[in-house]
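Reviewing the structure listed below.
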Amino acid sequence: MNTFEPGGTASYTDGLFGIPTTAEKSEIVIIPVPWEVTTSYGGGTSRGPERILKASAQVDLFDLELGHSYKKGYHLLPLPHELLLLNDDLRSLALTVRATLESGESLSAEDQRALKAVNEGCAKMSEWVHTQAAEILARGQIPAVLGGDHSSPEGAIRAVSEATNGAFGILHIDAHADLRHQYQGFERSHASIMNNVMHATWKPQKLVQVAIRDFSEEEYQLMEKNVHVETFFDLNLKRALFEGEAWASICKRIVSGLPEQVYVSFDIDGLSPEYCPHTGTPVPGGLSFDQAGYLLRVAVESGRKIVGFDLNEVSPSPDPSNDWDGNVGARLLYKLCGWTILSQA
Ligand SMILES: [Mn+2]
């Protein structure tokens, strides 16, 4: 029994989706990253992995389009308690830094120390995720990250890049562009993950963003300027739909820019907020659950291979009886796992 919080009921004796699995015999190994040190608005996503695990027991394994993919094994690694404790400490430091910034004052020596501690802690988290993902890939398995905020998968994306010699692209589904150059002084903010990734030595060949509807002018300029970034703004997707283009045709256009090997980075807020009402930074608009699932289908049916993925920013309701965010998160995780397995054929 591995209980995440006092009073919690998440148990590893059941396993994700209620299936008992082992790390050795599973094709997909999922790294839980209970991390939200730099989240700027609503909190709670560090408790996402636990609530998804809990909600996953309700998912029926029989799925019309995924068949028996689950038999390949989707193993969730134990929740890292020490990372959660570090998260809680650093999050309060980050909040004091942010309070100073928002007051318009310059950072005190104490704030500077706090900022340094936060940046070092975030780097440590990324290293830890990288080590986990690299080990999974070295065993011939597929790594996935279950966040946490959107800074959580950076180490996994780096490990995938190393394993593929950089021959991969990212399919990024999100309300936000996440292309900010630092955010509030935090080097590894959830809001700058894709900027960090696209400026790394291990960057992918292509970043294809979908459902983006919240971004700064600076981010817009980066999208326009960087030929390796292709953004499908939510506004334009909806306009195409309203004017009669089929979603199937739109998905083909989206997928056509991706290389053969694809890493999927899925921020739950890429979906319409009705599917994720408690996520930290919800934005009106976005994809339906079915549109997102169909996009994954089109990517896989095009012959592309999913080499890793993350699901992040799922944040449970403070009301423990309200399971909705976790429920949607668990079902989306099930689709991501299933399409990843189907793409290996
Ligand atoms: Mn987002």
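General remarks:
- Ordering of 301-309, 198-206 by packing [mean C-beta count within 10 Å, highest first]: 301-309, 198-206
- Of all DSSP bridge pairs formed entirely within the chain, close to 5 percent run antiparallel.
- Label-point gap, in nm, between GLU218 and ALA109 - each point 7 angstrom along Cα→Cβ: 2.9
- Share of alpha-carbon pairs per 10 Å distance bin for region 269-345, given as whole %: 19, 46, 27, 7, 0
- Values of log10 I(q)/I(0) for region 108-181 across q = 0.18 Å⁻¹ run -0.82, by the Debye formula with one identical scatterer at each alpha carbon and no solvent.
- Comparing Cα centroids, region 279-319 and region 229-246 end up 17 angstrom apart.
- Kirkwood hydrodynamic radius (C-alpha pairs) into Stokes-Einstein, region 39-140, 37 °C and 0.692 mPa s, D in µm²/s: 194
- What the Cα convex hull of region 281-325 gives, in volume per residue, is 112 Å³.
- Long pairs among LYS203/LYS238; LYS252/LYS305; LYS25/LYS305, criterion Cα-Cα beyond 18 Å: LYS203/LYS238; LYS25/LYS305
- Isotropically averaged projected area of the chain, using the convex hull of Cα atoms (one quarter of hull area), nm²: 16.7
- Over region 210-301, all Cα pairs binned in 10 Å intervals from 0 give whole-percent P(r) values of 15, 46, 36, 3, listed from short to long.
- Cα gyration tensor category, rounded, prolate or oblate, for region 235-288 with a/c compared to 1.5: oblate
Throughout, read-outs are computed from the coordinates displayed, never taken from laboratory work. If you're wondering where the values come from, they're calculated on a predicted model, not measured in any experiment. All Cβ positions, glycine included, derive from the backbone under ideal geometry; neighbour counts span all protein chains shown.
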